[in-house]
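The values are calculated or read from the model by the stated rules, or taken from the named source; none is laboratory data. Here the structure is a predicted model, which means the values were calculated and not measured. For neighbour counting, all protein chains shown are included, and Cβ atoms are generated from backbone atoms with ideal geometry for every residue, glycine included. Each accessible area value is taken on the protein alone, full model and side chains, heavy atoms only, with ligands, DNA and RNA left out. Shrake-Rupley method; radii C 1.70, N 1.55, O 1.52, S 1.80 Å.
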Amino acid sequence: MKCPRCEKPRMKTWSELNDEEREVVKRLPASAEYTLEERQATHQWCTRCWYEKRATDVHG
Ligand SMILES: [Zn+2]
């Protein structure tokens, strides 16, 4: 899926992130609202602008 903010073609799931990227994700603002477990299971990230797609954002 394409990043809605910067249009990078491919967003990554937790399992596709490398260790360095995972450290960045842990410091994103969404960590205040969601547990890491929930984010790992349902969220996706853009590694260019660090937009975080949440499970509740799914609408096409
Ligand atoms: Zn992006």
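Does segment 9-18 contain at least one residue that is touching a helix residue (DSSP H, G or I) at 6+ places or on another chain (Cβ under 6 Å) and modelled with pLDDT of 95 or more? The answer is yes, given that some residue of segment 9-18 is touching a helix residue (DSSP H, G or I) at 6+ places or on another chain (Cβ under 6 Å) and modelled with pLDDT of 95 or more.
Per the conditions (1) among the hydrophobic types (A, V, I, L, M, F, W, C); (2) touching a Phe, Trp or Tyr at 6+ places or on another chain (Cβ under 6 Å); (3) surrounded by fewer than 10 Cβ atoms within 10 Å (Cβ to Cβ), the sole criterion not satisfied by Ala32 is (2). Scanning segment 20-29 for residues being surrounded by 12 or more Cβ atoms within 10 Å (Cβ to Cβ) and either within 11 Å of the ligand (Cβ to nearest atom) or not in a loop (DSSP other than H, G, I, E, B) (or both) gives a total of 4.
Residues that are assigned to a helix (DSSP H, G or I) and either away from the ligand (no atom under 16 Å from the Cβ) or farther than 23 Å from Glu7 by Cα (or both) within segment 31-57 comprise Ser31, Ala32, Leu36, Glu37, Glu38, Arg39, Gln40, Ala41, Thr42, Ala55, Thr56, listed in sequence order. Given the condition touching a residue at least 24 places away in the same chain (Cβ under 8 Å), assigned to a helix (DSSP H, G or I) and open to solvent by less than 50 Å² (accessible area, probe 1.4 Å), answer yes or no: does some residue in segment 1-19 qualify? Scanning segment 1-19 turns up at least one residue that is touching a residue at least 24 places away in the same chain (Cβ under 8 Å), assigned to a helix (DSSP H, G or I) and open to solvent by less than 50 Å² (accessible area, probe 1.4 Å).
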